[in-house]
Amino acid sequence: MARQPIVTDPIVRSKPLAKRKNWRTSFFTPWLFLLPSIVILGTFLAYPIIEAFQWSFLDYKIIADTGEYVGLANFKEIFTDSTFWKAFLNTLLFLVIVLPLNVLLPMILAVLVNQKIRGVSTFRVLYYLPVVTPMVVGALMWKMLYSQNSMISQVLVWLGVFDSPTNLLVQSSTALVAVSMITVWKGLGYYMIIYLAGLQSIPKDVYESASIDGASIFQLFTRITFPMLMPSVTLVSVMTIIAGMKVFEEIALTTGGGPAGATTTLVMYIFDNFMSLDVSTASAAGLVLLVMAIGASLLQMKLTSKREDDLRA
């Protein structure tokens, strides 16, 4: 009687090995997708910060590519420089002007364009146009609007602000405010979109219930809309602080830091030192600006998050 052949089961891959392979795949795959961004950010952000940190402690000669260690001498130099403190105060004043306007005006526009009315898409596009307009074009346009013979100048004379037509960009008392309005105009549509996204995430049932209870439009805004938009307020505030501290294009294209340093901000101060090949002083000022931006952003996030908790309580 012939023997039957023995049939063996196929080899089954061990489960621990399969799990180990799946873990490696799930761990490395996201990093592969992030690799291009990491390379770009490392090259154009992290590396310059490290270089600036190194130069700030050296008396660096950029042409000779040599530097002598001087410790905190560069920081002592900028902290005893009256031009630095003037640029510091101008930067703070710029933020005081821009921050509330960038928080409130886009919110009001977002509420308006969130209504179901005919042609509202056209208004959304028109309000967003400044965002996609090149700053060079926008700065030239505003220079014409601020000129001595412009309508704005004539209106200010009619209101009694000035005795005669005046170019707002050449007056020390008005130059910084005039440049601030360019920044507000430029970011109005962008921040409006952020608020609009937040508005559209608020359930409509909340408004309907409040309206049935007799809430007015003002009460709907203060009791429902504003508290629900606090995450967007935090985002817009932090973005405005960072953008306000590093403002450059508007000033460089309109006033160049003048008149008499009235619009010289910290970035303009850093730029002027770099153009004078004083890279060590510029690097020290840049690190001070970096610390200020991080500190101000964290403080604003803490304040707005606390306010958000209070409103939602």
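The values are calculated or read from the model by the stated rules, or taken from the named source; none is laboratory data. Here the structure is a predicted model, which is why all the values come from computation and not from measurement. So basically every Cβ, Gly included, is an ideal-geometry build from the backbone, and we count neighbours across all protein chains shown. Please note that ligands, DNA and RNA were not included when accessible areas were found on the heavy atoms of the full protein model with its side chains. Shrake-Rupley method; radii C 1.70, N 1.55, O 1.52, S 1.80 Å.
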Practice item. Beyond 31 Å between alpha-carbons counts as too far, so tell me which of Lys86/Lys186; Lys86/Lys143; Lys61/Lys186; Lys204/Lys302; Lys76/Lys246; Lys143/Lys302 fall in that bin. Key: Lys61/Lys186; Lys143/Lys302
Practice item. Could you pull out the chymotrypsin sites (Phe, Trp or Tyr not before Pro) across the stretch 195-296 that fall in loop regions by DSSP (anything but H, G, I, E, B) with no more than 16 other Cβ atoms inside 10 Å? Key: Phe248
Check your understanding: From the list (i) 15.8; (ii) 28.8; (iii) 33.5, can you say which value of mean projected area of the Cα convex hull in nm² was derived from the structure given?
Key -> (iii)
Study note, to complete from the structure: Answer in debye to the nearest 20: the dipole magnitude of the chain about its Cα centre, from +1 Lys/Arg and -1 Asp/Glu charges placed on Cβ, is 1680 debye
Revision key, fill the gap. For Ile49 the rounded accessible area (nearest 10 Å², probe 1.4 Å, non-protein molecules ignored) is 70 Å²
Check your understanding: Expressed in nm to one decimal, what extension gain is obtained for the pair Met144 and Met292 from 0.36 nm per residue of sequence separation less their Cα-Cα distance?
Key -> 49.9 nm
Practice item. Set Lys and Arg Cβ to +1 and Asp and Glu Cβ to -1, take the dipole of the chain about its Cα centre, and tell me which of Val206, Leu299, Met181 lies farthest positive. Key: Val206
Review point. Tell me, Kirkwood radius of the stretch 142-253 from alpha-carbon pair distances, in Å?
Key: 17.2 Å
Exercise for review: Using +1 at the Cβ of each Lys and Arg and -1 at the Cβ of each Asp and Glu in the chain, identify which of Ile117, Leu101, Met245 lies farthest towards the dipole's positive end.
Suggested key: Ile117
Exercise for review: Grab the DSSP H runs of the chain that are 4 residues or longer, score each as -39,500 (n - 2.57), total them, divide by all residues and round the 222 nm result to the nearest 500 deg cm²/dmol.
Suggested key: -22500 deg cm²/dmol
Practice item. Work out, step by step, the length gained on full extension between Ile63 and Phe27: first 0.36 nm times the residue separation, then minus their alpha carbon distance; give nm to one decimal. Key: 8.5 nm
Study note, to complete from the structure: Of Thr225, Thr183, Thr66, the most mobile residue in a GNM of the chain (C-alpha springs, cutoff 10 Å) is Thr66
Practice item. Hydropathy first: keep DSSP H helices in the chain averaging at least 1.6 on Kyte-Doolittle, then drop any whose Cα extent along the axis falls short of 18 Å, and list what survives. Key: 82-113, 230-245
